[in-house]
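Report on one structure; see the data block that follows.
The values are calculated or read from the model by the stated rules, or taken from the named source; none is laboratory data. All of these numbers come straight from a predicted model, not from anything done at the bench. Cβ: placed from backbone, ideal geometry, glycine included. Neighbour counts: every protein chain shown. Areas reflect the complete protein model, heavy atoms only, side chains present, ligands, DNA and RNA absent. Shrake-Rupley method; radii C 1.70, N 1.55, O 1.52, S 1.80 Å.
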Amino acid sequence: MVCDHQAAVPINPVISSRSFRTGGDVNPISILDGHSPLFVTSGRIALAIALSELDINERDCVLLPAYRCTSMVAPVTWTGARPVFYKINEDLSPDYEDLEKILSERKVRCLLATHYFGFPQNMNKLVEFCKRHDLTLIEDCAHVLFGSFEGTQLGTFGEFAICSPWKYLPIYDGGALLVPNRDGFRRKLKSGGIHFELKAAINILEQGLRYDRFGLFNRLLRVTFLFKDSIWKGIKKLTSSSGESVSPSSTSGGREFEPEWLDIRMSHISRWIA
């Protein structure tokens, strides 16, 4: 049975007039600081770009934790590489005995390490392991916005790190590839087009309006949004005639990997909010 009632508590972050207030003397450093983030539409796209920058292909194997979502696997198979799953312990740390066994049986190019639920892995141990086995380390920071290990910011230990800011911020789309040094970086991004930009802006504002987050401006915005449906129908008509999708499936919870979004940057409004 489908329920059309709005959830009392939103399952995703919702923008409000308070979103842009400062926190006084509190100024936490996020994993987006101190990098040159490449803002893309999702974390899975960020991972695919990292793998392509490493020239991962059908001759390679990529180590992934056995406890993971399918969105982590699809970018690996898109490159033609073989995903190899390593065991993790009850505390979600890598099982190094299993990793040693895997590496004794096959040649592996890189290892993806996940900071589950925002809790840091032992990065000293992981970095030492990867150096010893000549593995490229990619940090999966999809569950991380703030965090460090022994005083060093998460997302800075590997050659690349990926994150999903849409999970913490009131934005429509959002993934980021964290690159300590963009020198020689090949990927160039372009806009997703006016339809994508409009949908991002409308969705963010509509969610805030739905939960009455704009104070005195709620009534004014409701009047404006009376015309939203007719405007959006026109946009959809134009888009369907061109055969293009307005936005990636990840923005609506889909788990598909869509290579056509590899060169598309995060929407302007989402980047501005982030």
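For this structure, a couple of remarks:
- Single residue of segment 70-88 satisfying the filter (of a type in the set (S, T, N, Q) and open to solvent by less than 60 Å² (accessible area, probe 1.4 Å)) that is nearest to Cys110 (Cα to Cα): Thr79
- Residue match in segment 105-114 (condition: without any contact (Cβ under 8 Å) to a residue 40 or more places away in the chain and surrounded by 13 or more Cβ atoms within 10 Å (Cβ to Cβ)): no
- Scan of segment 147-182 for residues that are among the small types (Gly, Ala, Ser) and in a strand (DSSP E or B), ordered by number: Ser148, Ala161, Gly175, Ala176
- Here is the figure for segment 171-210: residues that are touching a residue at least 40 places away in the same chain (Cβ under 8 Å), within 17 Å of Phe20 (Cα to Cα) and over 18 Å from the mean Cα position of the chain (by Cα) total 4.
- Condition met for Arg18 (open to solvent by 10 Å² or more (accessible area, probe 1.4 Å) and either within 25 Å of Leu169 (Cβ to Cβ) or modelled with pLDDT under 90 (or both)): yes
- Residue tally, condition of a type outside the set (D, E, K, R) and in a loop (DSSP other than H, G, I, E, B), over segment 105-146: 13
- Scope segment 258-268; condition touching a Phe, Trp or Tyr at 6+ places or on another chain (Cβ under 7 Å) and open to solvent by 40 Å² or more (accessible area, probe 1.4 Å); matching residues: Pro259, Arg265
This table checks each residue for (1) within 18 Å of Ala50 (Cβ to Cβ); (2) open to solvent by less than 50 Å² (accessible area, probe 1.4 Å).
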{"position": "Phe117", "(1), (2)": "no, no"}
{"position": "Lys131", "(1), (2)": "no, no"}
{"position": "Leu154", "(1), (2)": "yes, yes"}
{"position": "Pro170", "(1), (2)": "no, yes"}
{"position": "Leu178", "(1), (2)": "yes, yes"}
{"position": "Gly192", "(1), (2)": "no, yes"}
{"position": "Phe196", "(1), (2)": "no, yes"}
{"position": "Ile204", "(1), (2)": "no, yes"}
{"position": "Tyr211", "(1), (2)": "no, yes"}
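- Checked against the criteria, Glu100 does not count as modelled with pLDDT of 95 or more, assigned to a loop (DSSP other than H, G, I, E, B), more than 14 Å from the chain's Cα centre (by Cα) and of a type in the set (Asp, Glu).
- Screening Phe185 against (1) at pLDDT 95 or above; (2) surrounded by 13 or more Cβ atoms within 10 Å (Cβ to Cβ); (3) assigned to a loop (DSSP other than H, G, I, E, B) leaves a single unmet condition, (1).
- Picking from residues in segment 195-220 that are of a type in the set (D, E, K, R), assigned to a helix (DSSP H, G or I) and under 27 Å from Pro248 (Cβ atoms), the one that is modelled with the highest pLDDT is Glu197.
- Search result, residues across segment 133-142 that are open to solvent by less than 70 Å² (accessible area, probe 1.4 Å) and either hydroxyl-bearing (Ser, Thr, Tyr) or more than 22 Å from the chain's Cα centre (by Cα) (or both): His133, Leu135, Thr136
- Test: residue in segment 221-239 that is surrounded by 13 or more Cβ atoms within 10 Å (Cβ to Cβ), in a helix (DSSP H, G or I) and at pLDDT 85 or above: no
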